[in-house]
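Here the structure comes first, spelled out in structure tokens, and everything after it is commentary.
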Amino acid sequence: MSSREDISAMRRQYGEIGLVESDLPSEPISLFNSWLKEAAANEVVVEANAMVLSTVSEKIPSSRTVLLKDLTSEGFTFFTNYGSSKAKAIDENSSVSLLFPWYPMERQVIIIGSAKKIARQESEKYFATRPRASQIGAWASEQSTVLSSREELEKKFKEFEGKWPADSQIPTPPGWGGFIVNPTSIEFWQGRYSRLHDRIRYLRTPDNNWQRVRLNP
């Protein structure tokens with residue numbers, strides 16, 4: 001059997017657990033929080049807060065995995081180097097997509113919205129909670145730029161590590177901080193039998209409320 005035939009024969013039978021409108025909240029954030037907690041409690045799901053961030057720059061789409069670090073009614077927050085390719089893409093086009101792929105639970109959530117930088121003080125507040133090695137790594141890495149070797153990166157890490165004594169506070173790099181994605185659409189996907197999957201999409205209305213619709217799988 002060829003590799004192409006191996007792929008075409010891949011099948012998975014999805015379960016009976018579905019999404020019933022009468023059981024769903026009128027807004028999506030509480031439902032997302034419930035799903036996130038269930039994913040975090042699932043031993044098979046690796047990093048439940050990992051999400052695929054997709055951007056478009058110069059008409060070229062790009063995707064990468066980042067970690068959700070805060071969620072409020074205003075949106076989904078992640079942190080990065082503001083000089084990175086993702087940050088530059090957002091500066092050019094603030095429209096983004098987020099995907100939470102909780103495959104072991106036969107679930108995924110797709111968020112579409114607009115990203116913007118959060119307040120500097122909020123970035124500094126979060127940075128102070130990061131492990132020391134992660135703080136130093138943020139200083140050492142000029143994210144998305146070319147490296148001559150792994151040794152170059154590790155040398156820079158050692159240099160910054162020696163700059164601050166072990167008991168000192170490491171400041172937030174000037175080019176590092178958070179983005180918040182304000183959602184206009186949040187879609188919940190639940191795998192079902194016979195490929196009759198459940199897709200429930202919440203759409204933000206002009207008066208800042210939510211409209212809920214069911215989509216064909």
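The values are calculated or read from the model by the stated rules, or taken from the named source; none is laboratory data. Everything numeric in this text was worked out from a predicted model, so none of it was measured. Cβ: placed from backbone, ideal geometry, glycine included. Neighbour counts: every protein chain shown.
Observations, loosely collected:
- Scanning region 158-217 for residues that are assigned to a loop (DSSP other than H, G, I, E, B), of a type in the set (Val, Ile, Thr) and farther than 22 Å from Leu67 by Cα turns up just one, Thr205.
- Being loosely packed, with under 12 Cβ neighbours inside 10 Å, in contact with a helix residue (DSSP H, G or I) (Cβ under 9 Å, 6 or more places away or on another chain) and either hydrophobic (A, V, I, L, M, F, W, C) or closer than 24 Å to Glu74 by Cα (or both) is a property that does not hold for Val56.
- Selection from region 122-139 of residues that are part of a helix (DSSP H, G or I) and either buried (at least 19 other Cβ atoms within 10 Å of the Cβ) or in contact with a strand residue (DSSP E or B) (Cβ under 9 Å, 6 or more places away or on another chain) (or both): Glu122, Ser123, Glu124, Tyr126, Phe127, Gln135, Ile136, Ala138, Trp139
- For region 39-65, residues that are farther than 13 Å from Phe100 by Cα and touching a residue at least 24 places away in the same chain (Cβ under 8 Å) total 7.
- Strands (runs of 3 or more DSSP E) wholly inside region 39-121 containing at least 1 residues that are of a type in the set (Asp, Glu) and touching an Asp or Glu at 6+ places or on another chain (Cβ under 9 Å): 70-72
- Among the candidates Ile170, Ile180, Ile186, residue that is farther than 22 Å from Asn81 by Cα, within 26 Å of the chain's Cα centre (by Cα), at pLDDT 95 or above and hydrophobic (A, V, I, L, M, F, W, C): Ile186
- Just one of the listed residues (Trp189, Trp176) is touching a His at 6+ places or on another chain (Cβ under 7 Å), surrounded by 17 or more Cβ atoms within 10 Å (Cβ to Cβ) and aromatic (Phe, Trp, Tyr), namely Trp189.
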